[in-house]
Amino acid sequence: MADIVIDHVVKDFGTFQALQDVSLVVEDGEFVALLGPSGCGKTTLLRIIAGLETQTAGRVVIGGRDVSGLTPRKRGLAMVFQNYAVFPHMTVFENVAFGLRMQKASTADVKRKVERAAALLHIDSYLDRYPAKLSGGQRQRVAVARALAVEPAVLLMDEPLSNLDALLRLEMRTELKAVLREAGTTTIYVTHDQTEAMGLADRIAVMYGGKIEQIGSPLEIYATPATRFVGGFIGSPPMNFIKVRCEQGIVRIGNITLPCPAGCEDMELGLRGEDAMIAADGSGIPFDVRVVEPMGSHLLLTGSINGQLARIVAPPTATINAGERVALKADPSRLTWIDSNTGRAVGRA
Amino acid sequence: MIAKRPGGLRRAILSERERPMPARTSWIPYALIAPSVAFLGALFIIPLVQTVWLSFSAGEGVSLANYQRMANDLNFGLAIRNTFLLTLVVVPLQVILALVMATMVSKLDKGRDMVLWVLTIPLGVSDLAAGLAWLSILQNTGYLNSALYALGVIPGPVGWLSQETPWTLFFGIVLAEMWRATAIVLVILIAGLQLIPKEFSEAAEIFGASPWTRFRKITLPLLKPSLQSALILRTVLAFEVFAVVYALGGRNFPVLAGEAYTWQNENQNYGVAAAYAVLIMAISLAATAVYLRALRTRPEQLP
Amino acid sequence: MTTSLSQAPASGAPRAYMLPSARRFLLWTGLVALLAWVLVPIYFVALGAFGGRTGVFRWPKSIWPSDLSVAPMMQFLNIEGVFNALMNSFIAAGLTVVFSILLGAPAGYALARYTFRGQNAYRLLVLLTRAFPLAILALPLTVSFIRIGLYDTPFGVSLIHTVLALPFAALVTQSLFMGIPREYEEAAWVFGCTRFQAFVKVVLPLALPGLAATAIFAFVISWNEVFAASILTVRERTLTAYLLKILSESPLHYRFAGGFILIIPSVLFIFAVRRYLFAVWGIASK
């Protein structure tokens with residue numbers, strides 16, 4: 001078990017800066033997801049922690065030991081790769097045993113630990129098969145078993161589920177969570193899929209443009225995004241942003257007024273589609289519905305507020321037609337206010 | 001095998017980080033290519049320079065004496081004519097034959113591997129052995145004459161490969177060269193054809209293109225890079241042609257490489273041999289340049 | 001060239017089993033002709049090799065084998081110098097394999113796995129060798145080889161043959177290594193391997209069949225080379241150099257025996273690597 005300290009890490013690829021001064025502390029036994037769109041630097045950060053890539057500046061400290069200059073094998077960690085990287089010329093058993101063999105574990109030890117990891121991931125029935133004969137999901141299990149077999153202090157996972165089909169992904173996600181909770185390993189998990197990050201992680205670090213935008217628990221990140229990007233990236237549908245002017249602490253939209261935090265004039269009102277309720281009395285933020293999509297569990301309404309695109313979630317039983325104008329209400333405490341100039345949330349303690 | 005690079009070079013490399021490998025290990029690729037660079041330097045670049053230098057040095061100082069001697073040699077004109085003639089006839093025929101083979105093979109389902117194996121056997125046959133194989137057919141009491149005799153065309157053994165019958169000798173060499181070296185063109189073309197997605201031709205077919213049009217408008221343009229490399233390879237080798245000719249006709253059919261061999265080994269005149277070598281290299285380079293230019297493809301035009 | 005093409009029905013799929021029987025017949029006739037074109041000269045040189053003196057001068061010849069025996073072949077092998085030449089050919093080709101793999105595979109690995117300054121220059125050097133008639137570069141080497149004692153040795157011959165095979169080996173192994181995902185190696189590093197261990201445990205086993213094919217091609221390149229081998233040897237000739245030397249003075253049946261021996265290993269080797277033939281040449285001709 002070990003904690004991980006990422007200390008002002010910078011990574012340049014030529015003139016392109018992949019990571020701009022990233023700092024992050026992962027507690028011992030914690031599960032942190034690095035979440036962001038492709039090209040945000042999340043994989044680069046993971047590879048720097050693994051030692052597959054060397055940072056331009058900054059340090060990586062694992063369990064109190066500065067590993068910045070060490071090769072991957074000296075860092076005492078395990079990794080699950082996006083394409084699994086299950087060795088095709090070795091049986092499942094030898095794949096799972098690979099790390100143990102490199103540690104020169106005794107034969108009995110290897111057998112015991114491989115069997116335990118295999119049982120944990122339900123691959124014990126095909127230990128003597130070659131990976132070519134396995135399905136994608138089964139290979140994925142082998143890759144995870146191989147990582148867990150060495151009982152690593154730190155486990156790194158690089159989009160491990162992205163190559164599975166949707167149903168299998170859901171199943172593996174649940175299983176991963178159970179297995180990793182039991183193992184209690186410090187885990188860093190890279191993904192671009194917010195549901196994976198929300199479902200699995202203790203904390204999520206949302207990355208964008210080589211920086212960490214926000215670190216927090218899944219609920220914090222969802223409810224109180226620190227930046228415009230986080231609000232727009234997390235949640236489905238994404239948070240709506242409506243440009244408003246804040247004058248003397250007051251914002252006017254349609255015929256209603258809302259109190260807004262002081263400090264700047266050009267603001268954006270962040271409103272989650274799920275937080276908006278349709279006001280029965282017709283007074284509230286005016287919303288012109290253009291498209292209604294019945295999603296089963298809810299209705300997804302697309303339309304505009306003050307001429308700006310917005311998506312709202314309504315109860316499945318609501319009777320709303322395209323072309324209608326409805327009034328929206330929201331709990332003021334669930335609104336996010338973004339400074340248009342900086343893109344950062346304001347007025348939050 | 002792996003040697004550390006000098007510090008100066010290493011520092012220069014460290015500034016480059018445009019790659020997904022730890023920068024501190026940047027000396028590794030240099031260590032990996034160093035042995036082959038040293039080897040090619042010693043046995044490709046140096047001999048190249050030596051050849052050129054040797055060809056210009058006769059007695060004392062730089063002179064064109066070797067080239068004069070080469071040009072005044074009785075066989076020189078013949079060797080030039082024969083080599084060019086062979087190349088101009090053999091290379092296009094090989095490409096056409098290879099295209100025919102490739103098209104026919106592409107229509108096969110079963111037996112394809114077996115047919116391809118047989119068609120590529122000559123790939124492993126040396127030009128000397130190819131010459132000898134055709135000698136068994138074309139010699140005076142060979143199988144060609146036996147067949148002609150059986151058909152009543154000739155009354156008895158006839159010589160085809162002597163000095164008195166330069167054209168049949170030439171034709172025999174063409175046959176042997178086509179037999180031997182079409183395989184390499186075939187392999188390059190089939191490798192190239194495998195890279196062309198079937199959908200292109202199928203799409204053209206849906207729009208009503210005839211097979212000949214499809215071949216001309218779709219396959220051939222997409223095959224251009226492969227054709228280019230096949231042509232370069234074959235042309236360079238065709239200017240080097242030598243052992244086939246010797247096996248079939250001895251010195252009855254002078255070619256450039258053969259003259260170089262004779263001046264070197266029999267006349268022991270390294271200078272004139274080097275002049276021939278430089279001439280062959282110059283022709284090869286010129287041919288390569290012509291092909292590179294004539295069969296240029298812009299990368300954005302390829303799938 | 002286009003007979004088979006233009007005869008395929010415009011609306012039909014270009015697959016053999018869809019062809020009408022008449023066209024199929026034509027296709028197979030053409031193919032049989034092509035197969036005969038390749039095989040018949042080899043058959044005849046074999047008849048010549050095993051037919052001995054009487055076979056060579058029989059007139060008119062029958063295309064069917066008669067009076068064949070291994071005696072003429074044994075006789076040929078017993079001629080002074082033939083067996084030695086055969087051995088020299090094997091030694092030179094074997095050394096060429098070793099050198100071109102040892103020098104070419106690391107370069108191929110570097111090209112496949114790293115981006116480095118000078119990479120394009122190196123690639124150009126490798127491709128440049130193709131525009132040159134390489135064997136002819138043996139001419140000036142005679143002098144330097146005499147000076148350093150490499151003249152007239154299979155080792156010296158193998159050096160110039162390696163110049164022929166090395167660029168090929170570098171390009172083919174490059175694509176071979178590119179076909180092995182980098183992630184395998186990275187996984188091996190993470191799980192405790194040094195770079196070298198990772199190469200040996202993970203990359204090498206996966207690359208082995210392709211490396212074997214590359215080695216066989218290097219062997220064939222050396223085995224068949226005539227010019228440089230003839231220039232660089234006098235007594236310790238390779239088989240090709242020996243045959244070239246005796247061409248004008250030896251009886252026909254010996255020549256055919258020599259030609260046959262030259263052909264056999266190549267045919268077997270091409271058979272062994274037939275699966276890689278197109279992949280390898282597709283790469284090497286880029």
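The values are calculated or read from the model by the stated rules, or taken from the named source; none is laboratory data. Predicted, not measured: the structure shown is a model, and the values here were computed from it. Reconstructed Cβ throughout: ideal geometry from the backbone, glycine too, with neighbour counts over all protein chains shown.
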* **Residue that is surrounded by fewer than 23 Cβ atoms within 10 Å (Cβ to Cβ), within 27 Å of residue B:136 (Cα to Cα) and hydrophobic (A, V, I, L, M, F, W, C), where the choices are B:237, B:223** => B:237
* **Condition check for residue A:254: within 15 Å of residue A:338 (Cα to Cα) and small (Gly, Ala, Ser)** => no
* To do: Answer with yes or no whether residue A:307 is free of Cβ contacts under 8 Å to residues at least 24 places away in the same chain, surrounded by fewer than 12 Cβ atoms within 10 Å (Cβ to Cβ) and closer than 21 Å to residue A:279 by Cβ.
  => yes
* Asked: Residues C:112, C:138: which one is under 21 Å from the mean Cα position of the chain (by Cα) and either farther than 28 Å from residue B:285 by Cα or more than 7 Å from chain B (Cβ to nearest Cβ) (or both)?
  -> C:138
* Answer yes or no: is there a residue in segment C:191-203 that is more than 17 Å from residue A:100 (Cα to Cα), within 9 Å of another protein chain (Cβ to nearest Cβ) and in contact (Cβ under 8 Å) with a residue 24 or more places away in the chain. => no
* Structure fact -> Exception for residue A:52 within (1) more than 21 Å from residue A:185 (Cα to Cα); (2) aliphatic (A, V, I, L, M); (3) part of a loop (DSSP other than H, G, I, E, B) falls at (1)
* Tally, over segment C:24-42, of residues that are more than 9 Å from chain B (Cβ to nearest Cβ) and touching a residue at least 12 places away in the same chain (Cβ under 8 Å) -> 1
* **Flag if residue B:59 is assigned to a loop (DSSP other than H, G, I, E, B) and either in contact (Cβ under 8 Å) with a residue 24 or more places away in the chain or small (Gly, Ala, Ser) (or both)** => yes
* Return yes or no: is residue B:292 under 21 Å from the mean Cα position of the chain (by Cα), more than 8 Å from chain C (Cβ to nearest Cβ), touching a residue at least 60 places away in the same chain (Cβ under 8 Å) and surrounded by 23 or more Cβ atoms within 10 Å (Cβ to Cβ)? => no
* Structure fact -> Residue hits (segment A:76-103; assigned to a loop (DSSP other than H, G, I, E, B), surrounded by fewer than 24 Cβ atoms within 10 Å (Cβ to Cβ) and at the interface with chain C (Cβ under 9 Å from one of its Cβ atoms)) are A:82, A:83, A:87, A:88, A:89, A:90, A:103
* Asked: Are any residues in segment C:115-128 part of a helix (DSSP H, G or I), surrounded by fewer than 19 Cβ atoms within 10 Å (Cβ to Cβ) and at the interface with another protein chain (Cβ under 8 Å from one of its Cβ atoms), and if so, which ones?
  -> C:119
* To do: State whether the residues of segment B:209-216 include one that is surrounded by 19 or more Cβ atoms within 10 Å (Cβ to Cβ), more than 8 Å from chain C (Cβ to nearest Cβ) and out of contact with any Asp or Glu (no Cβ under 9 Å at 6 or more places or on another chain).
  => no
* Here are some residues: B:121, B:96. Which one is touching a residue at least 40 places away in the same chain (Cβ under 8 Å) and at the interface with chain C (Cβ under 7 Å from one of its Cβ atoms)? -> B:121
* Would you confirm whether any residue within segment C:240-253 is away from chain B (no Cβ under 11 Å), under 20 Å from the mean Cα position of the chain (by Cα) and crowded, with 22+ Cβ neighbours inside 10 Å? => no
* **Given (1) aliphatic (A, V, I, L, M); (2) under 18 Å from residue A:250 (Cβ atoms); (3) surrounded by 19 or more Cβ atoms within 10 Å (Cβ to Cβ), index of the condition residue A:314 fails** => (2)
* Matching entry among C:112, C:131 (being assigned by TED's automatic domain parsing to the domain that holds residue C:180, out of contact with any Cys (no Cβ under 7 Å at 6 or more places or on another chain) and at pLDDT below 85) -> C:131
* Structure fact -> Flagged in segment C:42-98 as hydroxyl-bearing (Ser, Thr, Tyr), outside any loop (DSSP other than H, G, I, E, B) and farther than 19 Å from residue B:139 by Cβ, in numbering order, are C:89, C:96
* residue B:195, sole failed condition from (1) closer than 29 Å to residue C:225 by Cα; (2) touching a residue at least 40 places away in the same chain (Cβ under 8 Å); (3) touching a Ser or Thr at 6+ places or on another chain (Cβ under 9 Å) -> (1)
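For (1) outside any helix (DSSP H, G or I); (2) within 29 Å of the chain's Cα centre (by Cα); (3) surrounded by 16 or more Cβ atoms within 10 Å (Cβ to Cβ), each residue gets a yes or a no:
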site	(1), (2), (3)
A:114	no, no, yes
A:140	no, yes, yes
A:144	no, yes, yes
A:147	no, yes, yes
A:152	yes, yes, yes
* **Failed item in (1) charged (D, E, K, R); (2) surrounded by 16 or more Cβ atoms within 10 Å (Cβ to Cβ); (3) touching a His at 6+ places or on another chain (Cβ under 9 Å), with residue A:21 passing the rest** => (2)
* Residue count for segment C:57-101, restricted to those that are buried (at least 17 other Cβ atoms within 10 Å of the Cβ) and either touching a Cys at 6+ places or on another chain (Cβ under 6 Å) or polar (S, T, N, Q) (or both) -> 4
* Which listed residue, of A:203, A:169, A:252, is of a type outside the set (S, T, N, Q) and not assigned by TED's automatic domain parsing to the domain that holds residue A:49 -> A:252
* Failed condition for residue B:265, given (1) closer than 30 Å to residue B:99 by Cβ; (2) without any contact (Cβ under 8 Å) to a residue 40 or more places away in the chain -> (1)
* segment B:246-303: number of residues that are under 20 Å from residue B:87 (Cβ atoms) and among the charged types (D, E, K, R) -> 3
* Here is a list of conditions, (1) modelled with pLDDT under 90; (2) surrounded by fewer than 17 Cβ atoms within 10 Å (Cβ to Cβ); (3) on the phi > 0 side of the Ramachandran plot, and residue A:261 meets all of them except one; can you say which number that is? -> (3)
* Would it be correct to say that residue B:148 is within 26 Å of residue C:255 (Cα to Cα) and crowded, with 24+ Cβ neighbours inside 10 Å? -> no
* Taking segment A:158-190 as the region of interest, how many residues are at positive phi and surrounded by fewer than 15 Cβ atoms within 10 Å (Cβ to Cβ)? -> 1
* Write out, first by first residue and then by second, each pair whose Cβ atoms fall under 9 Å of each other, whose residues are 6+ apart or on separate chains, and whose first residue, in segment B:219-244, is free of Cβ contacts under 8 Å to residues at least 60 places away in the same chain and more than 10 Å from chain C (Cβ to nearest Cβ) while the second is assigned to a helix (DSSP H, G or I) and of a type in the set (Gly, Ala, Ser). => B:223/B:192
